[in-house]
Structures are given as structure tokens and as C-alpha cells.
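The values are calculated or read from the model by the stated rules, or taken from the named source; none is laboratory data. Source: prediction; values computed, not measured. FYI the Cβ positions are ideal-geometry reconstructions off the backbone, even for glycines, and counts take in every protein chain you see.
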Amino acid sequence: MTEITKSTPVNSSASSDTLEAATLPIASAAEKAQDTEAQLPVVPSPPPNGGRVAWIQVLCGFLLFFNTFGILTTFGVYQTYYESPESPFTRATSDISWIGSIQAFLLQFGGILAGPFFDKGYLRTLLGMGTFFIVFGHMMLSISTAYWHVLLAQSFCVGLGMGCLYVPSISLLPSYFSTRLGLAVGLVSSGSAVGGVIYPIILQRLIQQVGFGWAVRVAGFVALVTLLVPLALMRMRIKPSKARALIDWTAFTDLPFMWFTLATAVGFMGLNAFQIFFAFYAKEQGIASTDFAFNLVSMYNGMSAVGRIIPNALSDKIGQFNILAPSMIVAGIVYYCTIVTHSIGPMIAITLLSGFFLGVLTALPPVCFTILTKDKTKIGTRIGTGFAIIAFGILAGGPGAGGILQHTKPLAWTSTWIFAGTLMVSSGFMYAALRFARSGGKLWIKV
């Protein structure tokens, strides 16, 4: 295998593309199956901020988000189906919500293992494991006939696969982008929105035509095909000079980092409480048919693409914290408005607005973690540590809302939306406190 181990900083854009190509290994098909990234040297050259290779990494990250958060945000379809008479099992609403919550928890908590593996250079291993678990989990879900079958296949197997893929999809970008990092992360995270539109449509159409089993198998095949692209094309540009621990314990003494992590955990707790139940709310309240409830999930995820790309691109100019804080407060107000939503028009408006803020909360925190991490060789471990903590908020959000919802008969929807909205507003004020602490109390400043 031929590999360039040194590079000379250059200024021209043409030389930048040449530099990118020079830092990438040229491997045969057999060599690509190995973790050659583990032997990469530390390359001191600055991020190219563009070029063919850099944008290919953005495409690969887009496809990873397509099959992580894209699948995760589809759970509203599964929740609605599992609540229906066609479901292969009968369980309480809060029990069903555990399926999606555990899956989301493992997506985030998996970063505590994936981060150090990424920092050590084992990108190929993470991509291979993630692809296998996601596809295998879908195939096992397609033949599941009991609640515990679904829990093992959809929650644990698919969730572990997502956890392997999430950290690489974000941690790779800072080595390719600096001045355009917000835009790059926004484009990558928009893969979640596209996946969140396509997967519900696949499930909705095929469940009616060929049944739940084959609908899930087709979704698994879509995941397989789209994950082969990053498996073949994704490349590390640099590797830290020494191995990292599973957890970066210094993060727990970094007050801004921990405050931001807790604020994000509170936000995701509220988001998950809303995300799991809003489609079921529309169906249970007679606002929408089952088919249209599935369409609401696609609208929700489709609008999140706007919330991922535009705010992220704008954040490069006005600051990430200036966008996060007010966005979460407004999102909480939108959740409160669901209390008085009883017709299809307002329900669509609530869906679109909440989808936009889903995009903001999903896309901006990885950029903020990068900003709050002074030692850039620890980015993978720091992101993994942060999202491992956030995972506990996600885990609590769905079952917490489910427990509130089924506390009374009829279902306690008002209390559920107050729960979700209050969490989002609280998250917004926590972000605002950090924003003013970083700006020294100044208002009109990029933070």
C-alpha cells in the first residue's frame, strides 16, 4: 500500500486538493477491509475547508445520519403501529415507548465506546460493526412476534449499530473543515431529515401492501445499500498521537462543557417526549387517520432539514449559542400550543415548527462540543462522553411522558405536553446562561 506520511502546508486551493489526496491511503480492495487508519500519522496541515475529498466525507456523514437519526426519528410510525390492533403484541403505551427510548439511548451512549475507538484510528471497524448491527436488527425485527423480540432487535441491536456510526459521522469533520464547519455539520445532519422522510414512507406504503415483516426488511435493505458508501469511501485525515481513555475525565471538571451537556440532555428529554407521541396524539384524538399520522412523521422530519442546514450555516456568522438558546425557548412554546390543537391545520403547523427545532437541537450541539473542546485530539472522546450523559435524558423522556400520559383515563395529553414544553424552555434558559457567561454579559456579540 502506498501512503504519504508528510505534507507541506500550502495556500492555493488547487494545492489544497492535492494535499488532501496525498494524505489519503491508496489501497487495493483487500486492503480496504483492514483498519489502515490505525497506522495514520498525525498530520499537522490545516483543514482544507473544501475540495473533492472533503465533500465526499460530508456525503458519507450524510448517509450515516440517514441511517442513525433518520431511523430513530421514524419511531413515531412504529409507536403508532404498535398501538394499533395489527400489532404483534399488546402492551401499555409507556412500555412501547421504552423501545424507542432505549434505541435512542444506545445511539448516544454508544459514543462512550465509539469515541475512543475513533480516536485510535479504527474508523473502518466502527463502520463495519454499525452496518452489521443495523441491518441484522431490521431483519430480526421483521420476524419478531413478541414484545421482548422487538426490544432485542429494534432497541438493542439497531441501537448499538447506531451508536457505532454516530460519533464518526461528526468527529471526522473538524479535520476537513474549520471556517465552514457549521455548514458541513448542517449538511451531514440533514441526512437525518431525509431518512426521516423516506423511512416512514417506505413503512407506510409497504405495511399496507405486503405487511409489517416485509416492510421492515425493505427498510433494512435500504440501510445496507446506503451504508456501503461510507464503508467504501470514508477516510480519516489525521490520527491522535496517543491512545485515549474510554472517558475523558477532565470533561467532568470543565464547567462550561458540563453545563452545556446537561442543558442538551434536558432539551433532548423534552424533544423525545414530544417526538414519540405527537403522531399517536393526532390519531388518538381523531385529528388524523393512521395513514396521515404516518405522513405527519415525514413532514416533521422533512422540516428538520431546514432546521439543520440554515441555522448551522448562520451559526458560522452569528454564533452557535445565539441560535440555540432562543430556539429551544420557542420550541417549548410550540409544544405548549399542542394542548389546544384539535384540527388538522394547526396540527400540521405544530408538526412543521417542531420539526424545524428538532433540526436545530440535533445539528448544533456537535459543533458546540467541538468549540468547547480545547484539545482537538480529544474531540471523538469528548463528543462520546457528552452524548453518553445526554443519553440518560433521552432514555427518560419517552417513558416519562408515557407514564404521565396513561396516568388517567382519558389519556392525560395536557400534562404530557406541559412536561415536554417545560423541559425545552428550561433547556433554552440554560443555554442562555452559558451564552452570557461566555460573552461576559455582552448582548450583541458572536457566541
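The residues on offer are ILE310, ILE318, ILE247, ILE238, and the sole one that is more than 30 Å from ASP375 (Cβ to Cβ) and β-branched (Val, Ile, Thr) is ILE310.
Given the condition part of a helix (DSSP H, G or I), touching a Gly at 6+ places or on another chain (Cβ under 7 Å) and surrounded by 20 or more Cβ atoms within 10 Å (Cβ to Cβ), answer yes or no: does some residue in segment 139-152 qualify? Among the residues of segment 139-152, not one is part of a helix (DSSP H, G or I), touching a Gly at 6+ places or on another chain (Cβ under 7 Å) and surrounded by 20 or more Cβ atoms within 10 Å (Cβ to Cβ), which makes the answer no. Residues in segment 230-264 that are within 22 Å of the chain's Cα centre (by Cα), modelled with pLDDT under 90 and in a helix (DSSP H, G or I): ALA251 alone. Checked against the criterion of being part of a loop (DSSP other than H, G, I, E, B), modelled with pLDDT under 95 and under 14 Å from the mean Cα position of the chain (by Cα), segment 37-45 contains not a single residue that satisfies it. Is it the case that some residue within segment 312-320 is in contact (Cβ under 8 Å) with a residue 40 or more places away in the chain, within 16 Å of the chain's Cα centre (by Cα) and buried (at least 24 other Cβ atoms within 10 Å of the Cβ)? Yes, that holds for at least one residue. Taking the criterion of being among the small types (Gly, Ala, Ser), out of contact with any helix residue (DSSP H, G or I) (no Cβ under 8 Å at 6 or more places or on another chain) and part of a helix (DSSP H, G or I), would at least one residue in segment 365-381 satisfy it? No. Can you tell me which residues in segment 391-411 are buried (at least 24 other Cβ atoms within 10 Å of the Cβ) and of a type outside the set (Gly, Ala, Ser)? Passing the criteria: ILE394, LEU405.
Yes/no per residue for (1) without any contact (Cβ under 8 Å) to a residue 60 or more places away in the chain; (2) within 19 Å of the chain's Cα centre (by Cα); (3) farther than 30 Å from GLN406 by Cα; (4) in the same structural domain as GLY402 (by the TED database):
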| residue | (1), (2), (3), (4) |
| --- | --- |
| GLN103 | yes, yes, no, no |
| PHE109 | no, yes, no, no |
| ASP119 | no, no, yes, no |
| PHE133 | yes, yes, yes, no |
| MET139 | no, no, yes, no |
| CYS157 | yes, yes, no, no |
| LEU160 | yes, yes, no, no |
| SER189 | no, yes, yes, no |
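Inspection of segment 82-97 finds no residue satisfying the criterion of being assigned by the TED database to the domain that holds PHE177 and closer than 21 Å to SER189 by Cα.
Rundown of residues vs (1) under 23 Å from ILE102 (Cβ atoms); (2) in contact (Cβ under 8 Å) with a residue 60 or more places away in the chain, yes/no style:
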| residue | (1), (2) |
| --- | --- |
| LEU352 | no, no |
| ILE389 | yes, yes |
| GLY398 | yes, yes |
| ALA420 | yes, yes |
| TYR431 | no, yes |
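Evaluated against (1) under 21 Å from the mean Cα position of the chain (by Cα); (2) of a type outside the set (Ser, Thr, Tyr); (3) not in a helix (DSSP H, G or I), ALA288 falls short on exactly one condition, (1).
For THR261, state whether it is among the hydroxyl-bearing types (Ser, Thr, Tyr) and within 21 Å of GLY393 (Cβ to Cβ). It is true that THR261 is among the hydroxyl-bearing types (Ser, Thr, Tyr) and within 21 Å of GLY393 (Cβ to Cβ). Of all residues in segment 165-196 being hydrophobic (A, V, I, L, M, F, W, C) and surrounded by fewer than 21 Cβ atoms within 10 Å (Cβ to Cβ), which is farthest from PHE133 (Cα to Cα)? Going through the qualifying residues, I end up with LEU183.
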